[in-house]
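Scroll down for the structure; my scribbles are underneath it.
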Amino acid sequence: MRRACLPSVALINLLRWIFVLSALLGSFAPAAADDADNKRLYPLVHEFFPQADRFGPFDGEPRAAPVIAQNVEIGYIYLTDDILPIPAYSGKPISTLVAVNLDGTIVGVRIVHHEEPILLAGVTEKQLAAYVEQYRGINANERIKVGGSERDGYATVDSITGATITVMVINQTITKTLSRVAKSRGLFDGRPAQQVLPFAEDSLSIWQLVWKERQFRIGVLVVALVFLTLVLLFQDWLVQHPRLLVWVRDGYLVFTVIFIGWYALAQLSVINVLTFVHALMQDFRWETFLIDPLMFILWGFVAFTLLLWGRGVYCGWLCPFGALQELINQLARKFNVRQWEFPEVVHERLWALKYVVLLLLFGLSLQSLSLAETYAEVEPFKTAMTLRFQREWGYLVYALVLLGISVVNRKFYCKYICPLGAALAIPARQRLFDWLRRRKECGKPCQICANECEVRAINATGEINGNECHCCLDCQVTYWNDHKCPPMAQRRKRRQKGARARELAEEMVMSFRAMDSTDETDAKESDSPAS
Ligand code: SF4
Ligand code: SF4
Ligand code: SF4
């Protein structure tokens with residue numbers, strides 16, 4: 001027999017302990033980052049300033065380190081993400097080391113870390129390195145123009161086709177940080193420090209440029225979201241046309257995997273949630289989230305649908321990894337692959353696992369977001385969606401195993417592991433409506449929908465657990481199916497019986513009438529003078 005809820009007190013205590021432990025674990029994270037940074041950066045500094053014998057600590061406002069040769073300062077180095085951590089296409093800043101001499105001229109630039117998925121678009125690390133190399137020799141007093149023909153008064157750098165956002169972010173971070181460092185340290189080609197730098201400042205901010213550049217993708221996504229809203233609003237009509245619903249739903253899942261997941265790279269992640277929570281606790285800036293328009297729109301839509309429908313709209317329709325699992329499972333069932341489920345008692349305990357994963361990640365993020373990010377690889381999204389399976393074999397095996405399990409167990413990862421699903425389930429408790437219909441016979445005794453639900457979100461008592469429901473609408477199709485849903489089937493039979501009885505009655509009336517008219521004819525014939 002299926003139980004309605006999890007053993008709550010014991011679970012809450014366990015979660016509390018996990019939370020404290022994870023926070024403690026986080027506090028033992030590497031503390032000697034500075035030493036490691038120095039060792040990592042020194043060869044680069046020496047390459048840019050061959051005469052340097054050391055560099056000082058990174059400090060001041062903005063944060064930069066003086067480069068020293070024979071006890072004399074000869075320039076500065078800084079990491080762009082220390083000063084202006086503009087998130088790039090991956091949602092993370094690109095860390096670029098910039099070396100600038102006392103004239104305010106860049107003597108070296110090197111990308112030291114990035115998580116851009118641009119390499120998949122045919123752009124290589126070599127091209128990226130060649131791009132930033134163009135900034136060498138540019139002075140803080142110059143204006144910079146990316147791409148296009150040369151223009152008087154501007155230093156022109158060539159862009160990289162297929163990596164527009166990445167290039168925009170690199171350009172803005174290098175130019176703006178150089179401006180700030182030069183201004184604060186007085187590096188002006190002999191000019192007074194307070195002089196305003198004429199550095200290139202686009203009239204549009206970086207996020208506005210990105211939104212302009214992504215118009216097509218934004219348009220397609222908005223149309224798709226409007227369509228999904230209509231599907232949800234007219235779900236009662238649609239579920240009574242199951243064939244059409246199958247086409248609509250499967251088509252949408254394919255769109256989600258290909259367009260949202262692989263083309264637009266807009267798979268949401270638990271890291272977005274953690275970043276948002278941290279931004280709320282620290283300095284919240286819309287720009288941080290506006291840099292990726294598709295993610296921004298999707299998160300806005302998720303927030304709206306969480307309030308109205310719960311987490312199911314995202315998990316059932318818009319999550320690319322969820323959609324991929326669902327399509328794989330559907331294909332497997334078409335080939336009659338036998339499905340396998342955990343016994344109820346195991347399933348109920350495994351259910352809680354995703355909340356534990358979420359709490360662990362949250363605890364780690366309190367110590368360091370990048371630490372949490374490392375452990376957030378528990379999500380196979382980056383491997384399966386962002387990097388389209390082009391990754392080191394360890395990650396690849398993990399993602400493929402999860403997809404392999406979904407052949408025999410529908411949405412295994414969603415049900416038991418996904419911390420994003422857990423994070424979405426928490427606010428979904430406050431949803432305003434319960435849109436999915438139930439009958440008084442549901443669960444008492446009928447278990448048909450409960451047994452068919454893809455994520456086992458229907459309790460033994462017949463209620464839908466809105467925190468787990470993926471809004472696939474399968475149970476709503478069954479609800480209206482008068483060959484499957486027992487109360488509906490009974491009504492149909494009653495209707496059919498009534499119709500049959502009416503037919504019989506009509507037939508009898510007709511035959512009586514026929515008999516009457518025959519008798520009348522016979523009587524007329526016998527009364528006629530001829531007879
Ligand atoms: S539970 Fe996680 S993987 Fe599954 S659909 Fe929801 S967000 Fe996607
Ligand atoms: S088949 Fe009908 S009665 Fe049975 S659970 Fe589904 S909706 Fe309820
Ligand atoms: S079958 Fe019903 S309860 Fe289960 S996920 Fe689909 S819509 Fe939700």
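No lab work stands behind these numbers, since they all come straight from the coordinates. Note that the coordinates shown come from a computational prediction; the quantities given were computed from them, not determined experimentally. Every residue, glycine as well, gets a Cβ built from its backbone with ideal geometry; the counts of neighbours run over all protein chains shown.
Computed from the Cβ-Cβ distance with R0 of 41 Å, the FRET efficiency linking Leu396 to His483 stands at 0.40.
Region 296-323 and region 44-118 have Cα centres spaced 40 Å apart. The alpha carbon gyration tensor of region 340-431 gives principal lengths a ≥ b ≥ c with a/c of 1.5 or higher and a/b no greater than b/c, which makes the shape oblate. Rounded, prolate or oblate: which fits region 214-480, taking a ≥ b ≥ c as square roots of the Cα gyration tensor eigenvalues, rounded meaning a/c under 1.5, else prolate when a/b beats b/c? The shape class here is rounded. A simple count of charges around Met508, restricted to other residues whose Cβ falls under 14 Å of its Cβ and scoring Lys, Arg +1 and Asp, Glu -1, yields -1. All Cα-Cα separations within the chain were binned at 10 Å from zero, giving a P(r) of 3, 15, 22, 20, 14, 10, 6, 4, 2, 2, 1, 1, 1, 0, 0, each value a whole percent of the pairs. Pairs spanning more than 27 Å between alpha-carbon atoms, out of Lys354/Lys382; Lys411/Lys484; Lys415/Lys493; Lys212/Lys354; Lys440/Lys497: Lys415/Lys493; Lys212/Lys354. Exposed loop sites were defined as trypsin sites (Lys or Arg not before Pro) in DSSP loop states (anything but H, G, I, E or B) carrying at most 11 other C-beta atoms within 10 Å; in the chain the longest segment without such a site runs 1-150.
Membrane-span-like helices in the chain, defined purely by DSSP H runs whose alpha carbon atoms cover 24 Å or more axially and whose average Kyte-Doolittle hydropathy reaches 1.6, are 8-27, 215-233.
Peptides 220-230, 82-92 ranked from most to least packed, by the mean per-residue count of other Cβ atoms within 10 Å: 82-92, 220-230. Projecting the Cα positions of Ala332, Leu420, Gln496 onto the charge dipole of the chain (unit charges on Cβ atoms of Lys, Arg, Asp and Glu, taken about the Cα centre) puts Gln496 furthest along the positive direction.
Apply the a/c threshold of 1.5 to the C-alpha gyration tensor of region 301-393 and tell me whether it is rounded, prolate or oblate. In terms of gyration-tensor shape, rounded.
Legend: ranking of residues Phe234, Phe389 from fewest to most surrounding C-beta atoms inside 10 Å; resulting order Phe234, Phe389. Using a Förster distance of 30 angstrom, determine the FRET efficiency expected from the C-beta separation of Tyr154 and Gln51, and round it to 0.05. In this case the efficiency is close to 0.45. At q = 0.12, 0.16 Å⁻¹, what is the log10 ratio I(q)/I(0) for region 417-531, with the Debye formula run over Cα points and no solvent? Values, matching the q order: -0.62, -0.84. Extending 7 Å from Cα along the Cβ direction at Val246 and again at Gln339 yields two label points whose distance is 1.5 nm. Between the amide H of Thr96 and those of Thr80, Asp81, Val112, distances stay under 5 Å, these residues lying 5 or more places away or on another chain, with hydrogens modeled in the peptide plane.
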